[in-house]
Amino acid sequence: MSTPLFSASALPRRRDGARTTPFRGALLGALELLTAATVSMVLVDQITALVLSLLGRSSVLAQPAGVAVVMTFDVCAGTAVWMLARGRSNRSILGMVIVTGAAFALPLLPFWLGGISGPTAVLLGHVLVVPAIALLVAILPGDLASGRSRPIAEAPDSGIRLRRLSRRWPTLLALLLTFGEILHPDVAPPWALVVLGAEYLVIGLARRQFRDRRLLTLHAAGALAYAALATLAVFVTPEAAGILIGIGWLLHAGWDVVLHRSNVVVWRWFAEACIVIDVVVGVTAIVATVAMWS
């Protein structure tokens, strides 16, 4: 009997029998939080800047205190979602908010006393977030050390629905990454289709996911098809190219769905994020093209 084409059981399983020492676990936990905080700050800032602009409050960012408040929100919003998805306790999430706020607020005192400039206070706030998060992990190693995340059903406290919603963090991340496209629809360059068609082939080879040669053949054919589509988009009119590019991205979203449901080739979180990105980029490409006609 032949093995089904999209079968997770046919793929090699990772064996990880190594034990994590307390120091290494704390270090990895701190790096995880710092990564989440950095990504959150960069991506959420797009939304806060837009909201402040719509409210006519952009002047808030001209003062170090205003920047401290906004940056605290930018860092904490996405990081809290990530911590919920990882099954962290409510006290660790509250602790993250407190130490982040303290890190950004502490340099304001010497600024108000005239000891440092505004830009220096803002810079120090960003720098102090690093030891603040490290300190939090040291205080709550049982909650934040890497490898200690809990399943939703075992997570403490009562926010089960919120925790389940937080498991959709790849979707939220993808929406933040494409926020600019949503606000200002544009057509992605044709060469992006080449990357789009080849990415799963490269990732699958790197992860050794193509033990089933049919799966490898299918992805190789997909890479060639997208390269051909990109070439065609170069030689047609801009309007036709925009439609072709948009359709290419939307079709790729369907491929993302197949890989996500089958849990093969790529990580499920990656496939979920790609579904959203592909749909947004595809739709905005078509919208931008239609706008060119009008």
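About its Cα centre, what dipole magnitude does segment 24-155 give when the only charges are +1 on Lys and Arg Cβ and -1 on Asp and Glu Cβ, stated in debye to the nearest 20?
220 debye
Suppose every Lys and Arg Cβ carries +1 and every Asp and Glu Cβ carries -1, with no other charges. What dipole size does segment 156-294 come out with about its Cα centre, to the nearest 20 debye?
Magnitude of the dipole: close to 820 debye.
Give a quick list of chymotrypsin sites (Phe, Trp or Tyr not before Pro) in segment 228-294 that DSSP marks as loop, anything other than H, G, I, E or B, with at most 14 other Cβ atoms within 10 Å.
Trp267
How high is the FRET efficiency between Thr120 and Leu94 when r is their beta carbon distance and R₀ equals 35 Å, given to the nearest 0.05?
Efficiency at R0 = 35 Å is approximately 0.75.
Residue separation times 0.36 nm, minus the C-alpha to C-alpha distance between Leu34 and Ala102: what's the value?
The Leu34-Ala102 span can extend by a further 22.9 nm.
Within the chain, what whole-number % of the accessible surface is contributed by carbon and sulfur, with the 1.4 Å probe and all protein chains included in the calculation?
Heavy-atom surface of the chain belonging to carbon and sulfur, 1.4 Å probe: 69 percent.
Subtract the Cα-Cα distance of Val127 and Ile182 from 0.36 nm times their separation in residues, and report this length gain in nm to one decimal.
Once the chain is fully extended between Val127 and Ile182, it gains 16.6 nm.
With r as the distance between the Cβ atoms of Met292 and Val258 and R0 = 45 Å, compute the FRET efficiency 1/(1 + (r/R0)^6) and round to 0.05.
Computed FRET efficiency for Val258 and Met292 comes out at 0.90.
I'd like to compare 119-126, 55-62: which one has the highest average count of other Cβ atoms within 10 Å, and what's the full order after that?
119-126, 55-62
Assigning unit charges at the beta carbon (Lys, Arg +1; Asp, Glu -1) and nothing else, what dipole magnitude in debye, to the nearest 20, does the chain show about its Cα centre?
Working: 23 positive and 15 negative charges, 278 e Å.
The dipole of the chain has a size of about 1340 debye.
Helix hunt in the chain: which complete DSSP H runs extend at least 24 Å axially by C-alpha with mean Kyte-Doolittle at least 1.6?
Helices passing the filter in the chain: 118-139, 268-293.
Where Lys and Arg each count +1 and Asp and Glu each count -1, what net charge lies around Leu196 among other residues with Cβ under 13 Å from its Cβ? List each step's numbers first, then the result.
Working: positive: none; negative: Glu199, Asp256, Asp278.
Within the 13 Å Cβ shell, the charges total -3.
Counting each pair of different Cα atoms once, what's the Kirkwood radius of segment 54-136 in Å, rounded to one decimal?
13.4 Å
Considering just Cα atoms, how many Å³ per residue does the convex hull of the chain enclose? Mind showing how you got there, number by number?
On the way: hull volume 51.6 nm³, N = 294.
Here the figure is 176 Å³ per residue.
Calculate for the chain the 222 nm mean residue ellipticity that helices alone would give, adding -39,500 (n - 2.57) per DSSP H run of length 4 or more and normalising by residue count, nearest 500 deg cm²/dmol. Working shown, then result.
Numbers: 13 runs with 213 residues, N = 294.
-24000 deg cm²/dmol, from helical runs alone.
The values are calculated or read from the model by the stated rules, or taken from the named source; none is laboratory data. On a predicted model such as this, the values are computed, not experimentally measured, just so you know. Reconstructed Cβ throughout: ideal geometry from the backbone, glycine too, with neighbour counts over all protein chains shown. Side chains included, ligands, DNA and RNA excluded: accessible areas come from the protein's heavy atoms. Shrake-Rupley method; radii C 1.70, N 1.55, O 1.52, S 1.80 Å.
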